[in-house]
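Report on one structure; see the data block that follows.
Each value in this text was obtained by applying a stated rule to the coordinates, not by laboratory testing. Note that the structure is a prediction, hence the values are computed from the model and not measured. Cβ placement follows ideal geometry from the backbone for every residue including glycine, while neighbour counts extend to all protein chains displayed.
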Amino acid sequence: MTSVPAFANCHSHAFHRSLRARTVGGADFWGWRDRMYAVAGLLDADRYHRLAKATFAEMRLAGYASVGEFHYLHSPDLAEAVIEAARAVGLRICLLSTLYERAGFADEPLHPVQQRFVLPLEVWQSRVTGLAARYADDPLVVIGTAIHSVRAVAPEHLAAAAATVPDAPLHVHVSEQPAENAACLAATGRTPVELLAEAGVWGPRTTAVHATHLTRGDIEILGSAGSYVCFCPSTEAELADGIGPSVALREAGARITLGSDSNTVIDGFAEARALAMHERLATGSRDGWTTEQLWRAASADGHASLGFSVSDTLTLRPSVQTAGMTEPLWAAGATDVLPPPDLDPAEVAAELSDVIDELWSLA
């Protein structure tokens with residue numbers, strides 16, 4: 001048996017787990033998003049609790065100790081259903097309550113399902129502060145905030161959103177798609193990173209999620225602010241997003257973390273390896289990430305970005321895949337993790353199948 005640090009999953013959309021290995025379609029992110037909306041429109045508190053609980057159980061089985069849940073299904077408000085799902089399976093959760101106001105820079109009409117994401121700024125702030133008070137003494141729960149993206153939040157509200165819970169983690173989707181960068185430049189004359197910098201968003205508690213298409217100036221802003229940057233390599237590959245400049249950001253001073261995002265894969269080993277492998281493909285060099293740097297991104301820095309200070313470990317059992325290894329991060333996978341005694345993998349699989357099949361029968 002081998003003990004290694006437990007993972008932090010710094011960016012998750014739990015309900016996306018229902019899309020794994022289904023015929024979703026869409027030639028790019030925007031086409032995939034339409035099918036994702038169809039599933040989001042079917043979630044009520046009961047279904048979401050069941051789906052999130054089983055998804056979070058899968059994360060614990062894979063060796064995760066903390067999750068950052070980027071939560072924007074506000075109508076009806078499902079925050080408590082998600083929080084209680086994580087608590088039920090013993091997974092620490094940073095619920096990142098997400099402000100979402102509009103469909104885009106040009107006041108495009110909202111997709112019908114997007115109506116569920118939208119709250120007025122003052123209503124959202126009241127909900128966030130209420131949740132923070134409710135769970136203030138729970139060691140398994142942190143209430144943070146998120147700005148969905150510069151396309152979804154009005155520029156004049158960015159500073160107020162960032163200041164809503166000033167000492168808590170703050171996350172934001174940034175520059176995942178070239179189309180969003182182009183729209184932001186056309187509407188404001190600034191990149192998304194620059195626009196958020198003007199609003200005072202960047203700092204040591206802030207995480208930029210994806211950061212796939214950045215300028216050199218963007219990298220310098222994020223690095224000098226000491227912000228976190230969360231890459232989600234399996235999702236960024238699955239959605240054809242691109243390869244972000246992880247090493248350049250790290251060298252500029254940003255702290256890199258990892259997430260499962262759409263939960264196409266829930267495997268901290270796979271995400272860490274993919275971060276290094278994508279950098280090799282983009283640069284033609286094999287020396288961008290050391291094992292020690294990857295472990296820091298996958299565990300210690302990840303937990304810290306979610307407001308947790310933990311030193312949990314996971315145990316690896318011997319397997320054919322890991323035979324002869326000296327560096328577990330380069331050989332092991334989620335199925336090599338010894339399950340915690342309170343979770344039965346067969347039961348978790350059955351729960352996932354039941355709720356996902358129910359959703360797709362309605363879609």
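So here's what we get for this one:
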read-out: From phi via Karplus (6.51, -1.76, 1.60), per-residue ³J(HN,Hα) for the stretch 285-300 in Hz, x at Gly/Pro; value: 10, 9, 10, x, 10, 8, 4, 5, 5, 5, 4, 5, 5, 7, 10, 4
read-out: Normalised contact order of the chain, rounded percent, pairs of Cα under 8 Å and 6 or more residues apart; value: 22
read-out: Relative contact order, percent, the stretch 1-159 [alpha-carbon distance under 8 Å, six or more residues apart]; value: 23
read-out: Only Lys, Arg (+1) and Asp, Glu (-1) charged, at Cβ; the chain dipole about Cα centre in debye; value: 260
read-out: Only Lys, Arg (+1) and Asp, Glu (-1) charged, at Cβ; the stretch 51-108 dipole about Cα centre in debye; value: 400
read-out: Percent of beta bridges antiparallel (DSSP, the stretch 2-362, rounded to nearest 5); value: 15
read-out: Inter-label distance, nm, simple model (7 Å from Cα along the C-beta direction), Arg216/Ala182; value: 2.4
read-out: Projected area, mean over directions - the stretch 2-362, Cα convex hull, nm²; value: 16.9
read-out: Distance between modelled label sites at Glu347 and Glu80, nm, 7 Å Cα→Cβ extension; value: 2.5
read-out: Whole-Hz ³J(HN,Hα) from phi, Karplus 6.51 cos²θ - 1.76 cosθ + 1.60, for the stretch 178-188, glycine and proline x; value: x, 4, 5, 4, 5, 5, 5, 4, 5, 7, 10
read-out: Residue-span extension gain [Thr291 to Leu121] - 0.36 nm each, minus C-alpha spacing; value: 57.0 nm
read-out: Stretchable slack from Ala240 to Trp360, in nm (0.36 nm times residue separation minus alpha-carbon distance); value: 40.8 nm
read-out: Under-5 Å amide H pairs with Leu314, H placed in peptide plane, nonlocal only; value: Val4, Ala6
